[in-house]
Amino acid sequence: MGLLRTVLIILLVYFFIKILAKWFGPKILRYAAKKTEQHFKEKFGGFPNQPAPNEEKEGEVIIEKKKGTTSKSSNKVGEYIDFEEID
């Protein structure tokens, strides 16, 4: 009887914790994320937002071409060698 009672108590505690985690888990995670965001704003909020050096306006398209890296290929690549396996 004692073993059955112990197993029943363990199962009830397990399911109770599972239900509490389902209800309060998202709220706890949301609170932790909010606190982390505040912490980062305090730590790194003092730096001014510096624009990138090549910041373009929205919708502007710039096409950059690579400088003269033309490869000269010749038609004569090499000699074809047919290898055979020897048993």
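The values are calculated or read from the model by the stated rules, or taken from the named source; none is laboratory data. This is a predicted model, so every value here is computed, not measured. Cβ coordinates were reconstructed from backbone atoms using ideal geometry, including for glycine residues, and neighbour counts include every protein chain displayed. Calculation scope for accessible area: heavy atoms of the full protein, side chains included, ligands and nucleic acids excluded. Shrake-Rupley method; radii C 1.70, N 1.55, O 1.52, S 1.80 Å.
Along the range 80-87 the Karplus relation, 6.51 cos²θ - 1.76 cosθ + 1.60 evaluated at θ = phi - 60°, assigns HN-Hα couplings of 7, 10, 9, 9, 10, 7, 10, 7 Hz to successive residues, with x for each Gly and Pro. Here r is the Cβ-Cβ distance between K67 and R30 and R0 is 41 Å; the resulting FRET efficiency, rounded to 0.05, is 0.20.
Ligands, DNA and RNA excluded, the heavy atoms of L29 present near 130 Å² of accessible surface to a 1.4 Å solvent probe. Residue separation of I86 and V7 scaled by 0.36 nm, minus their Cα-Cα distance, works out to 21.3 nm of gained length.
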